[in-house]
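Here the structure is laid out as structure tokens; the discussion comes afterwards.
The values are calculated or read from the model by the stated rules, or taken from the named source; none is laboratory data. This structure is a prediction, so every number in the text was calculated from the model and none was measured. For neighbour counting, all protein chains shown are included, and Cβ atoms are generated from backbone atoms with ideal geometry for every residue, glycine included.
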Amino acid sequence: MLPFGRILSKKSGRIAIILIILSIVLTLFLPKEANTTKYSEVCFLLKDKKCINAEIADTPEKRERGLMYREGLKKDEGMLFVFPEENYYSFWMKNMKFPIDIIWIDGDYRIVHMERDAQPCLDLCRSYSPKEKAKYVLEVEVNFTARNSIGVNSTVNFLAKQKY
């Protein structure tokens, strides 16, 4: 074998060992939640119980991004924003590509405010704010609330689960 081939083999072996060590270190020290998306089943306690599958936005980064830049929501899906405490959380539709219904829910799981058919915007965006404090905000497909007779004072239930 030519000396050049041995040098290439040694170099390839070293690179392989470095890549293996790097992958082990990253696996051990990267937070496991970085690659997981949490979901919750959200059920509206009506005459006929209606449930949806909602992606959970429970970090400042997830709450800030929300549904921006997405193409849409599937039927019976949504996004549940979870806040550390009840407050007057305002939402806007900047960089959204589709209209939605927005539902504010207090710590007792009671709907305290709703906005139906909130429209997307690019610049000068309207801010949607509740009339009462809320701990959760749920974004669902447009007309979901009207189609299912959901209104202020309706109650909801969450069943948290994780999907990987």
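Flag: residue 131 does not match the condition of being in the same structural domain as residue 46 (by TED's automatic domain parsing), over 21 Å from residue 73 (Cα atoms), in contact (Cβ under 8 Å) with a residue 12 or more places away in the chain and in a strand (DSSP E or B).
Put simply, of 55, 77, 71 the only residue that is under 11 Å from the mean Cα position of the chain (by Cα) and without any contact (Cβ under 8 Å) to a residue 60 or more places away in the chain is 55.
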